[in-house]
Every structure is written in structure tokens, then in C-alpha cells.
Protein chains: 2
Amino acid sequence: MAKHLVVFQPSGRRAEVEEGTTLMDAARNMGVDIETICGTKHTCGQCKVQIQEGEFAREGIISSMEHVSALNPDEVKFLRRVKEPNMRLACVAEVRGDVVVFVPERSRAGRQVVRKAARELVVEVAPAVLKYYVELIPPTLRDTLGDQERLLDALHAVYGLEGLYLDYRVLRELSDILRASEWKVTVSVWRGREVQRVESGFVDDLYGVAVDVGTTTVAGYLTDLKTGKVVATESMMNPQVRYGEDVMSRITYAQEHEGGRELLTTAIREGLDQIFTNLAARKRLKPTDISEVVLVGNTAMHHLFVGLDPVYLGKAPFPPVLHHSLDVRARDMGLSSLHPATNVHVLPNEAGFVGADNVGVLLAEEPYNQDEIWLIIDIGTNGEIILGNREKLISSSCATGPAFEGAHIKFGMRAAPGAIERVRIAVGGRDVSYRLIAPPSRREEVRAKGICGSGIIDAVAEMYRAGVLLPSGRFAKDLDTPRLRRGEDGPEFVLAWADETDVGADITITQADVRALQLAKSAMYAGIKLMMRRLGVEQVDRVILAGAFGSYIDKVQAMTIGLFPDCDLEKVYAVGNAAGDGARIALVNAAKRDEADRVAREVEYIELTVEPDFERVFMEAMYFPHMKDKFPHLEEVLGRAVGA
Amino acid sequence: MAKHLVVFQPSGRRAEVEEGTTLMDAARNMGVDIETICGTKHTCGQCKVQIQEGEFAREGIISSMEHVSALNPDEVKFLRRVKEPNMRLACVAEVRGDVVVFVPERSRAGRQVVRKAARELVVEVAPAVLKYYVELIPPTLRDTLGDQERLLDALHAVYGLEGLYLDYRVLRELSDILRASEWKVTVSVWRGREVQRVESGFVDDLYGVAVDVGTTTVAGYLTDLKTGKVVATESMMNPQVRYGEDVMSRITYAQEHEGGRELLTTAIREGLDQIFTNLAARKRLKPTDISEVVLVGNTAMHHLFVGLDPVYLGKAPFPPVLHHSLDVRARDMGLSSLHPATNVHVLPNEAGFVGADNVGVLLAEEPYNQDEIWLIIDIGTNGEIILGNREKLISSSCATGPAFEGAHIKFGMRAAPGAIERVRIAVGGRDVSYRLIAPPSRREEVRAKGICGSGIIDAVAEMYRAGVLLPSGRFAKDLDTPRLRRGEDGPEFVLAWADETDVGADITITQADVRALQLAKSAMYAGIKLMMRRLGVEQVDRVILAGAFGSYIDKVQAMTIGLFPDCDLEKVYAVGNAAGDGARIALVNAAKRDEADRVAREVEYIELTVEPDFERVFMEAMYFPHMKDKFPHLEEVLGRAVGA
């Protein structure tokens, strides 16, 4: 029987399957979850997927359907071909050739566990937009003052406001609103100068939205700008994922595809509009009730949602188009769900690889107000590092690669139900226990499908401590455990036996997986060491793990593999989505934006790869740390744990 | 044979014609000039007209073609039906029913004589946009400053410019331009703060366009902003003419037709884009080379090109949407020929009926800097009046109606070839001589078709002085001249016998025509008298006739009918398109814009109709002046003339 390569996006899972296999079966074999309610009886229509081979990459448009079976009458009633070109039901369509299949978010059964909840922030409530209610005296033949001037005069008389002007789009709708409201209106004034909204009658509500545009996840926080509290949170997978999983692949897409940059920009803007609409609906508002938006993201995301060319971010010397914060009107950014006059504030970038999201982290943590030396690391495809205190702050970025996110790992997967997220291995490597991500209601049924990022760190750290791995990262030779064996790709260690899994195979950590993790942690560790040298410090007083991933890794395990230098573990902690927190701070308190612009310029960016002995430091960092020598705090903690 | 009503737009000429008459013949019989080169042999395609009956008024879209003959194969090759719906050749299409026919400007043989030439102005050259050339040091791995900051730093280092920011659309194209130009660029800075253009290499040219948007004619002046000189002039009929000839009919159209306001706004904006494109082409430029635009127009035109709702301008108490000047980006105004970041400056309005065009007149004439009492009148469908000096200026508007433009006059027509523009009548009314508008090359062939505005004033003034008209405006009873006769509409006076004309009929001035002119001049005169009373002055020191029409009327004749009060005729003069001059002044010298805003607020607008004895003054002003009593200067001049 002929075999064909099937690739599922956005997970990137790929395998050869026999001709005639349904896409649903292929997905299950590869651990790709596709929603089904009817159990593949062709009756629920939940398993829609999009066929994308061939033409996809070249045109952004898909036309060829030859590599799957012909459309079946069962499918037709579920498919709206004009709006959803090349959609098929995964339980019906069969593989006839090599094919790329995109699984839309709504068809993903194990939707990503979004770990971007909002935490409580302490920040003075002083938003950019304030509302003022005024009642105007209507014009008469003896008082024919124009509508704009009548409004501005009243704002001056009642509130002492001066030097205001109306945004062009507000001006266009002014006359009708004044008359429809019988000259009683509520006026939104942005930063004490620009009128951005005129609403009928007395309107007390004041809402804004802070958005953290991550490479993978976009999280929006609807915030009550009178209290500063988050009143609704929405998140979604970044819609750009279909054009590339990571930052570099999207920059490449923008560069190599005619109109690619516009496609990426349109994708994220449509996603943002969806988030605004969903957030507003949660509080029975209209998206046009949102008075302001603050956006953060890494430089590539920043450039793409702003509509700037990201190509030079991917070419040495990697300069950004701009550093400074931006205020762009919603209409200029093509955010059509918002009122066209709404301001969109974008936090500044520090450098080509250290973006507005990192500035958000700075605002949230304020290392620039500290005496202690703080190390803040934001772990993702790129590791972003800030080091220093009130006297000097330096930042850098290191290419950790996607290993921390489960990519390029044989059984790697996203942090979704069925992922191994915690691992314990007894010394000697015989006994392994693990914990799976699972919704509480389905905890009993969920079986292992793969390993997510925190699970990989856990597994490797435990393998090292159990003696399965040597400090060099090689597997130990003569260990008496059936879990350590020679696989088809070299030595591997079995975390879960096939009968415990949902994928019909042993879930293993291979030598290549260990190497991938070593490269990632080495990039991070070497970067930190070089920065410490630049700053002239021997040790750090505090390690702050920013980003969703930082919240889910076990800090002891992370230190065990040498992800960051030794530090009192009491002073190592995660702050979750600090970038999003920073966006919320800048949303709630407009003065913080000036602070952000100042700090973003003060932080000195270090390009690590041009440091003279970068390669030597990087190679040394590949090793797992010898605990006693360099990690006294870790030794202490682990000693206690063993002794207990 | 059946007869059908045919109406030609924009002239408004209407007549019943026999079924089967070609549109070209119908047009000729009515004095509507349609271009033809082949002489109606169906071979030149110059005589395209658009059929607009029925559906036109209701939908803004035309569908019915039943009232003209079916499409003839001869026509098809000249017509692009998709782009030009319902276009026909006038020499082919025959009348089959009542029909409204629009004659596009390009098909009009006797194109309007545009009387909006630019005059020399003395104004300091200090435009809003200045250009700066800089050469940047490209980024390296040790200097990864962002593109925007690299540019701004260089502008600061070389020129000391501070606090600049880039317009959003400039930012979007910045990176590519910097690299394509090898980091050598010319930067356009608007008002010392906003970067509105970054061009490759060294660019020395600096151009702007001033536009006077008249109700009938739109005139644009391409101006070299280094010298202040006009280097090209373009004018066109206001494309809104198809939706109504005068201001009120357009306001009504905006109000009564779904989407009417947008249609009017789109029409004028497309016209402006055409003017920018034509002006640029005249100097081998691209319209995107235009650095700034300044617009003036009456309040209705202002509201429509800005995109504001003009409806309240047409309803008591007639307030404008705004007074203050506006700076709108070309992209917001939908001016797609310009670079999207280009600033469009719109001069302020004084009041609901005294618009930015009048502010332009103020800037050009500066009555606010005079000791003498000046009277400035801008004669059009609305007469706009300014009276006063440096101590106080008042303004008003009077509804003169369209008589001065030849409308509502039996043989009235625009100032186009064939129009009687000057008349002399000997005492007794037997001998009449007149002069026609004609291109020099065709002076011999042109024959009378009608009477334009200045011709009507001439004719009535001469009829009065010749004794044909009494001071009340009635025709004299027992005059011995065949020219004074009883026509079908009452008494009338023959200016041109049928055999001298191109319309196959005697061209006459009827009693109704005289009444229409009396109403128009009375509105103007009564307004001036009421304003003089308000200001407490008995006479004016100077009378300035602004507007194209003011340049073409004979000031002695105008004073004879009592269009304005007595004044030393040496001090009565026309200044042509002073509104356009004001726009040019504000274009060339940005500081004049602040002056305009200040003056526009200082001028006190008087609503004449609420003056207690408005009606009495208006009725008195209907009479032609008794020269000796009230017009000593006129008496003197006319006395000399008679004596000569």
C-alpha cells in the first residue's frame, strides 16, 4: 500500500500514513486532537479541517484538492465552500497523496490551556481617556455658534478644559449626535487634548483593553478604567500561526511571499477585532464602547500588528523600525470593530530582539527602581533577559529555539490535555511517575499523548539527578533499567509505556531531545553569564521568571539543568504574563507610558553573539551544572529533599 | 407627432421636442453646446451624454433607458458600459419620452470661461512644510538603533530639530526607503513637528496646491513653495453640479437621498484628485509630490468636502458644524491621489452662511488692518458681505438667489461662448448694441445664445437709464420702440432679434427677469444698509468686489441698479478670486492660518433676517436708485458719460 506524508498545522506534527487513511485516524495516530462529538459518524460536522498542500505556501490561497479523496455527500451540508475554501471533514476525507492539513482552532479538541490570567496590580488609576458630561444650550438665530465651538465652550465653562480639538471622525458625526441627544452628551477626552468620542446622554462607563500579542497566544484584558480592575479576559491562538509557528518563520513568510506581510498583518488585526468583540460581549458592551487599547508584543509581533516591515528584524544587524511608543488611531490600524477615533497605544521596543512585551515586563516589575541586582528572564522561542538595578540595566536576547515549547522534541506537544507536565524519576531510572495536563472533569479518561515544555525540563532534570544522564548530556551506559534502551534514533529513555498512552507507542526522551534542550538552556545560561560579566556582578539577588511558561516550570528542576545561575530559591519566582501586566499598567495609568519610553531607551541592549568569547561560554554552558561547585543554593534544597 | 420634455443638466435648460429628435438637435435648439468633431457623422465619439431620467433622482443610480432610442451599433465602439453607465452618443440617440440628459464636462463644446486666474500676491514665503536632506550612518551589530530614531537623531544633529515624530503612514514605508536610498534621504517636516514624507536622495522641489471650491467652479493653483509663485492653474466644473446647481439644492439632495451626502462628498473629492493629478502632470510631477493642500469654499462646500453633515446649514438657525480651521490627513479625507500623510488645511468658517472662502477674502484684503471703512462683497447665489475696519468687522450673508448667475432668467445662461455680456441701449430704447463672449479665434462665427449674469445687470441698468424701465422696475408704457412689446409672459424687451441669434428666437428681457434681478440686488443692498446701520456708519470708503463675477460686472452699471451704496467710483474695484488668493496666502505662509482663525472669530456675524425692520428695508431697496438723491458719485460719472 502506498504511503503519503501528512503534516498537521499548526502543531507541525508529521508522519507517513497509508493511502486511504482518514485524516481523523492520521491525526489520532500522531497525537493531533481533532474535535468530534458524533464519534466519526459523519453527523456532527465538528471535525472541519482545511486542506493546504502545494498552493498554500506559494499563494496564501489553496486550490489543489487532489491529494485527498473527493468530496463526499455526507460532508456537503457542513461546508460553506465560499467562506471556508478547501474545508473538509477529517472523519470523511481520506489521504490520497502528500498533504498539509490545517486544524482550525474551533476544531481542536484539546484546546490550548491558556495560562495568561490577569493578576492583581497596584497602580494609580489615571487613564488617558476621561469622560465629561455637558448640557449645551441649543443654537438660535441670535446665537449661531458652530457645533464644535459650542461643545468646546461648554467643556471650558464647566470643566475648565482648554486647547481641545476634535478628532476628524468625531467631528463627522458630531452634529447628528448633538441633536439626537437633545444637546446632552458625554465627551471622551484623550490625554487632556483630543476629543475621541461624543456619546448621547450621561455615560459613566469607561473601559479599555490591554492586549499581549504573543507569538502563540493573544490575550486581551477588558479593564474598567474607573477602578483599574480587569473585568473580562479573552485569549486565542495568534491567527498568524497558520503562516509559521515561530517568529523567524513568520518573518520569512512576510519576506518570501508576495503580499505576505499584509496577510500576517490582516490576520492579527482580525484576531484583535475578534478579541475586542468577545470582550465587549462578555460585559454586554459594544466594541465601540472601548475607550482605548494598549498593545504589547515582541518586536516581530509589534511590527506586524502595527503594519511595519518585519523583514529587517530578521537580517543582521537586526534593527527595529522604531523604538518609541506609538499612538495610532484605530482606523489607521484597520481595527474595524473599534470606533475609528479610538487611540491604540503601542509600548516602545528596546531593541530588534527585545520588544514592547519586554518593556511591559519592565513596567510591571520595575527593576529600574531596585537596589538589588535583578535577573528577569522571559522564556520563549527567544529568551529575553534583563539584568541590573536602578544604576544600570542591560538587556539581551538569546535564541533558545522552540524546545521549551515542545517543538523539535520527538514526543513534544503544546501544553494541552494529555501532555506530560511533571516527571519524577527515582535514582537508577527504574521507577517513573508523571502527571498529565487534564481538565478536572476528564482527569480519569485522559491518557498521555506527549510531553510539553515544562515536562521536558522536568524529565531531563530528573534523568540527570537519577543518573540516567551524565553532566555532558549523554546517556549513562550500564544502568539496570528497561526504560533506557537503544531506539531507532539512538539511545532513549521511556517515560510512558505504550499501554499507558493514547498514541499507541512508548513516549520517550531521545538523545536528540536532550541535545535540543541543552542547546536551549545553554543559549539562555551563556547569555546570562555574559551579561553578568558586562555588568561586573558575580551573582544575582533575584531571578524573576516572566511569561506564561515561566509560571509552569519547576524552578528547582530549571536550576538543576542550569537554565539560570544559582540563586536563593526563595528569591526565584514566576510573575506570569508580566508583559500583559505592563500593558494593563500603561492602560490604567497614562503617565506610565512616558516612564516606559524613558526606560526603554535607558536599558542598554547587548548583542551577545559579538561578545569575543561567546562560543566558548556557550559550549561550556551545554553541561549540566555540578551542583556543589556552582549552585550552593540548589545543593541545599536538593539535599533537604533527598534527606526528607 | 408626440412631444416630450427634455432637460439638459447641469445647465438646467428644458424644452419640449418632437419624438425622434436626436439629443444633439434638441441640445442645439436649446442653446446647449455639445462637442462634436465629425459633425454628427457618428464617427468621433465626442458627444457622449448620460441618460438620467426617472431613477436618477431617486437612487443616484440610473437604470431606465426606455425614453431614448435603442443602442445603435455605431455607438457601441465609443461606449464603455461598465465604467460609464447609460452613456450614449447625442448625435445618435433619439428622444422617445421625457428624459433628463447630463452633459459631462468633457462633452461640453462651449466650456465655461473660467475666470479664476491667479494674481500676484505679496506674502512672505514661510510654508508649513520644509525639507531637510540627511545622510545616515547605517546600523551595525554594535549600533542597532531603530530606523526612526536613527533618522530623528540625524535631523537633530544636523539641523537641531527636536520633538519630531513620524506620521504613521510614513513610518510604514520608512525602512524600505532608507535602504533603497542607501540611507540618504530628504525629509519633509510639517510645522516643525511631524515628518510627513521621506524621499530617496536629495529632493529640492517643494510644491503645494491651493484650491477654491466654488459651488460652480473648482480652481486649483499649483504653487512653488520656495518662491510662492503659482506655476500651474487648473479648474473644472464642480462635479457636484449634477446633484444640484446651487448650494440649497445640494443640501436638499444630501438630506433627501439615502447616501446622498456621501455621493456629494465623493464627487468633490474625486474632482479634487483630478485637479491634483492634472496640476502635477503640468509640471511633470506626481500628485504625491504635492507637499500640502489648502482648501477654501463656502460653508456648504466646506462641509461636503470635509465630509461633514451639511443638513443643519440649511435649517434655521443654520449653525455650521465648526468654525475653526482643520488639518486633516489626505487619507482621512479620501484624497487618494496624494500621499496618505499629506496635510490638507481647511480655512475656518465665520458662520453658517459665511464660510472659509470669505475668510480667504479677509486674508487677501486685510480689512482688519485698515482705518477706512471697507465694504467687501462677494456676489454669487449667496451674497457675502464684510463691513468695517481695524476696530470692528461685521459680516453677513444675503440670499441673492441665482439671478446673477443667469439662472431663473428666461434667456439666462452661464458665462460661456454665445452669452451676451455687455449691453448698451440708447435713450428711448430703439438702438441696442451688445457684446458676446467668444474665443478670439471664433469671434466671427459666434452668435447670441442667451444672457450671462453681467449681461443681465448691464441690460437692466441700460434699460433703466434709457427710460425703458421705471424706478419701480415696471416697463414704461408708451415708448416708441418695436423692442418693447407684450410677450406671452407679459411685457418684454428684445435685446437681439432672432436672425442675430443661434437659438431661432428673439432674446428678450421679461418683466419676470427684471423682478428676479430686483430681488437679488435688493437682498444685497438691504443687507449692506442694515450692516451700515449696525456699525453706525453713513457711508463706506471703499467697495471691493470679490469673486469671479465681481470681476466681470460693470461697476457703473452695478451702482446704477443699486447693487451697493454710493461710493467714489475710483474706490470701487474688483479683486477677482480673492478666496483663492486667501487660500494661496495660507498655503505659502503658515502663520497666516493662525491669523485666519483669529479673524474668523473676531468678525461678528449678523443674521439680517432677524433685524427688526428687515422687510421694510428690503422692500425699499427693490427700487432703482434716484441718482441725485442718494448716489452723488454715480450721478457725477454718468453725467460725464452723457456729456461726452
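The values are calculated or read from the model by the stated rules, or taken from the named source; none is laboratory data. Nothing here was measured: the structure is a model prediction, and the numbers come from that model. All Cβ positions, glycine included, derive from the backbone under ideal geometry; neighbour counts span all protein chains shown.
So, in segment A:214-225, exactly how many residues are part of a strand (DSSP E or B), surrounded by fewer than 23 Cβ atoms within 10 Å (Cβ to Cβ) and not acidic (Asp, Glu)?
Matching residues across segment A:214-225 total 1.
With (1) at pLDDT below 95; (2) buried (at least 21 other Cβ atoms within 10 Å of the Cβ) as the list, and A:THR252 as the residue in question, which single condition is left unmet?
Only one criterion is unmet by A:THR252, namely (2).
Please determine whether any residue of segment B:396-413 is outside any helix (DSSP H, G or I), among the small types (Gly, Ala, Ser), under 20 Å from B:GLU611 (Cα atoms) and within 12 Å of another protein chain (Cβ to nearest Cβ).
Looking through segment B:396-413, at least one residue is outside any helix (DSSP H, G or I), among the small types (Gly, Ala, Ser), under 20 Å from B:GLU611 (Cα atoms) and within 12 Å of another protein chain (Cβ to nearest Cβ).
Hey, B:GLU182 hits all of (1) surrounded by fewer than 21 Cβ atoms within 10 Å (Cβ to Cβ); (2) touching a Lys or Arg at 6+ places or on another chain (Cβ under 9 Å) but one; which does it fall short on?
Among (1) surrounded by fewer than 21 Cβ atoms within 10 Å (Cβ to Cβ); (2) touching a Lys or Arg at 6+ places or on another chain (Cβ under 9 Å), the lone unmet condition for B:GLU182 is (2).
Would it be correct to say that B:ASP554 is of a type in the set (D, E, K, R), modelled with pLDDT under 90 and outside the structural domain of B:ALA448 (by TED's automatic domain parsing)?
Against the criterion (of a type in the set (D, E, K, R), modelled with pLDDT under 90 and outside the structural domain of B:ALA448 (by TED's automatic domain parsing)), B:ASP554 qualifies.
How many residues, within segment A:348-391, are under 30 Å from A:TRP190 (Cα atoms), of a type in the set (A, V, I, L, M) and either surrounded by fewer than 24 Cβ atoms within 10 Å (Cβ to Cβ) or within 14 Å of chain B (Cβ to nearest Cβ) (or both)?
The total comes to 4.
Is one or more of the residues making up segment A:69-78 within 39 Å of the chain's Cα centre (by Cα), at pLDDT 80 or above, surrounded by fewer than 13 Cβ atoms within 10 Å (Cβ to Cβ) and more than 14 Å from every other protein chain (Cβ to nearest Cβ)?
Within segment A:69-78, one or more residues are within 39 Å of the chain's Cα centre (by Cα), at pLDDT 80 or above, surrounded by fewer than 13 Cβ atoms within 10 Å (Cβ to Cβ) and more than 14 Å from every other protein chain (Cβ to nearest Cβ).
Look through segment B:126-154, keep the residues that are farther than 19 Å from A:VAL603 by Cβ and loosely packed, with under 14 Cβ neighbours inside 10 Å, and return whichever of them is farthest from the other protein chains (Cβ to nearest Cβ).
Checking each candidate, the answer is B:ALA126.
Quickly run through segment B:155-180 and pick out the residues that are more than 7 Å from chain A (Cβ to nearest Cβ), of a type in the set (A, V, I, L, M, F, W, C) and closer than 22 Å to A:VAL311 by Cβ.
Residues satisfying the conditions are B:LEU166, B:VAL170, B:ILE177, B:LEU178, B:ALA180.
Out of the residues in segment A:181-213 that are in a loop (DSSP other than H, G, I, E, B) and among the aliphatic types (A, V, I, L, M), which is farthest from the other protein chains (Cβ to nearest Cβ)?
Looking at the filtered set, the residue picked out is A:LEU206.
Which of (1) under 23 Å from A:PRO402 (Cβ atoms); (2) assigned by TED's automatic domain parsing to the domain that holds A:ALA476 does A:GLY504 not meet, given it meets every other one?
Here A:GLY504 meets the rest and fails (1).
For (1) closer than 18 Å to B:GLY550 by Cβ; (2) within 26 Å of the chain's Cα centre (by Cα); (3) of a type in the set (Asp, Glu), each residue gets a yes or a no:
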residue	(1), (2), (3)
B:ILE394	no, yes, no
B:GLU405	yes, yes, yes
B:ALA416	no, yes, no
B:ARG430	no, no, no
B:SER454	yes, yes, no
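So that you can scan it fast, the table gives a plain yes or no per residue for (1) more than 14 Å from chain A (Cβ to nearest Cβ); (2) in contact with a strand residue (DSSP E or B) (Cβ under 9 Å, 6 or more places away or on another chain); (3) in a strand (DSSP E or B); (4) at negative phi:
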site	(1), (2), (3), (4)
B:CYS567	yes, yes, no, yes
B:GLU570	yes, no, no, yes
B:ALA574	yes, yes, yes, yes
B:ALA579	yes, yes, no, yes
B:GLY582	yes, yes, no, yes
B:LEU587	yes, yes, no, yes
B:ASP594	no, no, no, yes
B:ASP597	no, no, no, yes
B:ARG601	no, no, no, yes
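Please pick out the residue among B:MET559, B:MET531 that is within 14 Å of B:ILE377 (Cα to Cα), out of contact with any Phe, Trp or Tyr (no Cβ under 9 Å at 6 or more places or on another chain) and surrounded by 19 or more Cβ atoms within 10 Å (Cβ to Cβ).
Unique residue meeting the criteria: B:MET531.
Could you tell me which numbered condition B:LEU285 fails, if it satisfies all but one of (1) within 14 Å of chain A (Cβ to nearest Cβ); (2) assigned to a loop (DSSP other than H, G, I, E, B)?
(1)
Could you check segment A:603-616 and list, in sequence order, the residues that are in a helix (DSSP H, G or I) and not charged (D, E, K, R)?
Correct list: A:LEU608, A:THR609, A:VAL610, A:PHE614.
In segment A:136-187, which residues are at positive phi and of a type in the set (Asp, Glu)?
A:GLU182
Exactly one of these conditions fails for B:ALA330: (1) crowded, with 19+ Cβ neighbours inside 10 Å; (2) within 12 Å of chain A (Cβ to nearest Cβ); (3) in contact with a helix residue (DSSP H, G or I) (Cβ under 9 Å, 6 or more places away or on another chain); (4) not β-branched (Val, Ile, Thr). Give me its number.
(3)
Give all pairs with beta carbons closer than 9 Å in which a residue from segment B:338-366 that is among the charged types (D, E, K, R) meets a residue that is part of a loop (DSSP other than H, G, I, E, B); count only pairs at least 6 apart in sequence or on separate chains.
B:GLU350/B:PRO320; B:GLU350/B:HIS323; B:GLU350/B:VAL603; B:ASP357/B:GLY214; B:ASP357/B:ASN298; B:ASP357/B:LEU347; B:ASP357/B:GLY547
What are the residues in segment A:406-425 that are over 20 Å from A:ASP502 (Cβ atoms) and touching a strand residue (DSSP E or B) at 6+ places or on another chain (Cβ under 8 Å), if any?
Hits for segment A:406-425 are A:ARG424, A:ILE425.
Check B:GLY473, B:GLY467 and return the single one that is farther than 29 Å from B:LEU608 by Cβ, assigned to a loop (DSSP other than H, G, I, E, B), out of contact with any Cys (no Cβ under 6 Å at 6 or more places or on another chain) and modelled with pLDDT of 90 or more.
The match here is B:GLY467.
Is it true that some residue in segment A:289-297 is of a type in the set (Asp, Glu) and either more than 10 Å from chain B (Cβ to nearest Cβ) or within 16 Å of B:GLU149 (Cα to Cα) (or both)?
Checking segment A:289-297: at least one residue is of a type in the set (Asp, Glu) and either more than 10 Å from chain B (Cβ to nearest Cβ) or within 16 Å of B:GLU149 (Cα to Cα) (or both).
For (1) basic (Lys, Arg); (2) away from every other protein chain (no Cβ under 14 Å), each residue gets a yes or a no:
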{"position": "A:THR233", "(1), (2)": "no, yes"}
{"position": "A:GLY244", "(1), (2)": "no, yes"}
{"position": "A:GLU256", "(1), (2)": "no, yes"}
{"position": "A:ARG269", "(1), (2)": "yes, no"}
{"position": "A:SER325", "(1), (2)": "no, no"}
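Condition first: touching an Asp or Glu at 6+ places or on another chain (Cβ under 7 Å), in a loop (DSSP other than H, G, I, E, B) and not assigned by TED's automatic domain parsing to the domain that holds A:TYR552. Can you find one or more residues in segment A:429-445 that meet it?
Checked against the condition, which is being touching an Asp or Glu at 6+ places or on another chain (Cβ under 7 Å), in a loop (DSSP other than H, G, I, E, B) and not assigned by TED's automatic domain parsing to the domain that holds A:TYR552, segment A:429-445 yields at least one hit.
Go through segment B:159-195 and give me each residue that's among the polar types (S, T, N, Q) and either farther than 22 Å from B:GLU292 by Cα or in contact with a helix residue (DSSP H, G or I) (Cβ under 6 Å, 6 or more places away or on another chain) (or both).
B:SER175, B:SER181
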